[in-house]
Amino acid sequence: MFKIGCHLSTSKGYEHMGKEILSLGGNTFQFFTRNPRGGSAKAIDEADVKAFIELAKGNGIDVILAHAPYTLNACSADESTRTFAKETMADDLVRMEYTPGNLYNFHPGSHVKQGVDVGIDYIAAMLNEVLKPEQTTTVLLETMAGKGTEIGRSFEELRAIIDKVELKDHMGVCLDTCHVYDAGYDIVNDLDGVLTHFDEVIGLDRLRAIHMNDSKNPFESHKDRHEKIGEGSIGFDAMVRIINHPKLKHLPFFLETPNELEGYAKEIAMLKDAYQE
Ligand code: FE
Ligand code: FE
Ligand code: ZN
């Protein structure tokens, strides 16, 4: 079954997001665990979570993806920023256990002037503090466009982080189509080659989710500007090959395109139409 959805606003709770994605024609969604700029999260409403789990069961919502605030920087040179990242993620992972067995994605971070190796050490150190053996959530590193000093611009950098994490079973990767294309992986002309390389470096078994975004900029721009599906440099045909690729088609796909709900519904319908069961 095709798992497709989009990013939704968290403000009205889990059950509302569940109903909303069903009304848009999807069966999975991404949401921020709290205000994307950080800060404290609303307390979990247990009745809301219970209602969502019931709704999900009856309507084929098998998996959801939480996204950490994008201001989180686990490899900042500033200790208080690193501490904030660690405390936020630890709190998010406790909250995630109310909806067991799902996915939690984060941007590895920006090393600024410290260098990639120092950055990777900080990120792995944070993960080694916050991951718990008993957790049921898989934590995903997102592939990044390589804007500024972002870590995660190459598959090798993500592998280096995972190598230093003790509880590797709780780790996976979320591939963002706009970001990898921007980073210099040619998913338009050589999708098979990119996936073979991913498999050699990280292992395709670690790939757990796809962010489906077209790109406003040409190949290898390192800019990270998402575009609507089919309206950017990646193009609709390449998107169709991605959702139907035998090594990807079982994964959940999440739109993070510049759209209101109506636009998301259109893109979900377009992709459902192009998906071959
Ligand atoms: Fe992201
Ligand atoms: Fe993304
Ligand atoms: Zn992005």
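Do any trypsin sites (Lys or Arg not before Pro) in segment 87-162 lie in a loop, going by DSSP, with at most 16 other beta-carbon atoms within 10 Å of their beta carbon, and if so which?
Working: sites: Arg95, Lys113, Lys147, Arg153, Arg159; in loops: Lys113, Lys147, Arg153.
Sites meeting the loop and neighbour criteria: Lys113, Lys147.
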Worksheet item: Taking a label point 7 Å from the Cα of Asn244 along the Cα→Cβ vector, which residues of segment 1-43 have an amide N closer than 15 Å to it?
Response: 2
Fill in: Sorted peptide list for 178-184, 199-205, criterion being average Cβ within 10 angstrom, highest first
178-184, 199-205
Response to the item:
Excluding residues fewer than 8 positions from Lys86 in its own chain, the lysines with Cα under 16 Å of it are Lys132
Discussion item. Please list, by residue number, every one of the trypsin sites (Lys or Arg not before Pro) in segment 1-94 that is coil in DSSP and has at most 14 other beta-carbon atoms within 10 Å.
Written reply: Lys12, Arg37, Lys42
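Can you compute the helix-only [θ] at 222 nm over the chain? Use -39500 (n - 2.57) per DSSP H run of at least 4 residues, normalise by all residues, nearest 500 deg cm²/dmol.
Values: 9 runs with 107 residues, N = 277.
So the calculated ellipticity at 222 nm is -12000 deg cm²/dmol.
Can you tell me how segment 74-186 classifies by the Cα gyration tensor, rounded, prolate or oblate, using a/c under 1.5 as the rounded cut?
Details: a/c = 1.85, a/b = 1.28, b/c = 1.44.
Cα axes put segment 74-186 in the oblate bin.
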Item to complete: Run through every distinct alpha carbon pair of the chain and return the Kirkwood hydrodynamic radius in angstroms, one decimal place.
Response: 18.8 Å
Practice prompt. Describe numerically, in nm with one decimal, the distance between label points set 7 Å from Cα along Cα→Cβ at Asp163 and at Lys12.
Written response: 4.7 nm
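Give the shape of segment 5-68 as rounded, prolate or oblate, defined through the alpha-carbon gyration tensor: a ≥ b ≥ c are the square roots of its eigenvalues, a/c under 1.5 means rounded, and otherwise the shape is prolate if a/b is larger than b/c and oblate if not. It would help to have the intermediate numbers written out before the result.
Details: a/c = 2.23, a/b = 1.40, b/c = 1.59.
Because a/c hits 1.5 or more and a/b fails to exceed b/c, segment 5-68 counts as oblate.
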Practice prompt. Quick one: accessible surface of Thr71, probe radius 1.4 Å, all protein chains present, in square angstrom to the nearest 10.
Written response: 60 Å²
Item to complete: With a point put 7 Å past each Cα toward its Cβ, work out how far Ala77 is from Glu134 in nm, to one decimal.
Response: 4.1 nm
Worksheet item: Looking at the square roots a ≥ b ≥ c of the eigenvalues of the Cα gyration tensor of segment 107-252, which shape do they give, rounded for a/c under 1.5, prolate if a/b is larger than b/c, or oblate?
Response: oblate
Item to complete: Kindly flag which residue pairs out of Lys3/Lys266; Lys50/Lys228; Lys12/Lys147; Lys113/Lys164; Lys12/Lys50; Lys19/Lys42 have an alpha-carbon separation exceeding 24 Å in this structure.
Response: Lys50/Lys228; Lys12/Lys147
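With an 8 Å Cα cut-off and a minimum separation of 6 or more residues, compute the relative contact order for segment 3-274 in percent.
Details: 539 pairs, mean separation 45.6, N = 272.
Here the relative contact order equals 17 percent.
The values are calculated or read from the model by the stated rules, or taken from the named source; none is laboratory data. The structure displayed is predicted, hence computed values, not measured ones. So basically every Cβ, Gly included, is an ideal-geometry build from the backbone, and we count neighbours across all protein chains shown. In case anyone asks, the SASA skips ligands and DNA or RNA and just uses the protein heavy atoms, side chains included. Shrake-Rupley method; radii C 1.70, N 1.55, O 1.52, S 1.80 Å.
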